[in-house]
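Below: the structure, in structure tokens.
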Amino acid sequence: MTPSTMPNRIHFEFKPNKALEAILYISSKLYSGDAGFHKISKIFYFADKMHLQRYGRLICGDHYVAMEHGPVPSNTYDIMKKVVAYNSTLKDLDFESFSNDGKKVVPSREANMGLLSESDIECLNESIEFCGEKDFDTLTIISHDKAWESADVNDSISLESIIATLQDPEILLEHLIENGA
């Protein structure tokens with residue numbers, strides 16, 4: 001059985017405070033006015049793939065949804081939109097730490113770097129560099145990978161499908177299952 005055909009057996013706990021700090025970090029690194037929800041979502045996606053490959057975990061533990069314009073970290077997207085009505089894990093976040101200008105994030109404070117590990121920052125920086133100057137259409141096209149294709153639009157992308165797009169997916173999958181991810 002390949003990772004893409006296996007039942008969902010891997011789950012990471014979502015860390016909303018860490019996601020908020022990562023949003024602030026990413027938005028502070030992008031050119032002014034370029035910190036849109038779409039670009040931040042793609043930066044998270046590619047950073048999470050790097051981090052999963054190298055360190056065996058997702059940065060914030062979020063799950064991805066196959067939206068029309070590519071994978072979106074579901075809970076992180078809710079944070080960016082400041083939507084808490086259906087997600088009680090977000091109710092205690094400091095939503096005053098950024099504002100929304102249309103579909104863009106405007107930080108009002110610096111990220112608390114104490115909540116991001118060195119490996120988180122490493123992968124976020126590489127993903128910011130990779131995605132930074134790419135436009136909306138290019139980011140959409142490159143994020144429409146086999147993991148995105150494995151799910152219907154607006155449905156969850158299994159972590160196993162994301163793993164299947166990485167190098168040596170069987171080894172990584174076995175490691176995660178053995179270590180209780």
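The values are calculated or read from the model by the stated rules, or taken from the named source; none is laboratory data. Not measured: the values here are computed from a predicted model. Heads up, the Cβs are rebuilt from the backbone with ideal geometry, glycines too, and the neighbour counts pull from every protein chain shown.
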- Note on the structure: Selection from the stretch 88-127 of residues outside any helix (DSSP H, G or I), small (G, A, S) and within 13 Å of I23 (Cα to Cα) yields S99, S108, A111
- Does V72 satisfy the condition of being in contact (Cβ under 8 Å) with a residue 24 or more places away in the chain, hydrophobic (A, V, I, L, M, F, W, C), in a strand (DSSP E or B) and under 15 Å from L24 (Cβ atoms)? no
- Restricting attention to the stretch 48-88, and to residues there that are over 23 Å from I171 (Cβ atoms) and basic (K, R), which single residue is modelled with the highest pLDDT? K81
- Message: Out of the residues in the stretch 139-153 meeting the condition of being more than 16 Å from the chain's Cα centre (by Cα) and aliphatic (A, V, I, L, M), tell me which one is nearest to K39 (Cα to Cα).
- Response: I141
- Flagged in the stretch 13-38 as crowded, with 18+ Cβ neighbours inside 10 Å, out of contact with any Phe, Trp or Tyr (no Cβ under 9 Å at 6 or more places or on another chain) and either within 24 Å of A181 (Cα to Cα) or free of Cβ contacts under 8 Å to residues at least 24 places away in the same chain (or both), in numbering order, are F14, K15, P16, K18, E21
- Do you know which residues across the stretch 154-181 are more than 17 Å from the chain's Cα centre (by Cα), in a loop (DSSP other than H, G, I, E, B) and of a type outside the set (G, A, S)? Q167, D168, N179
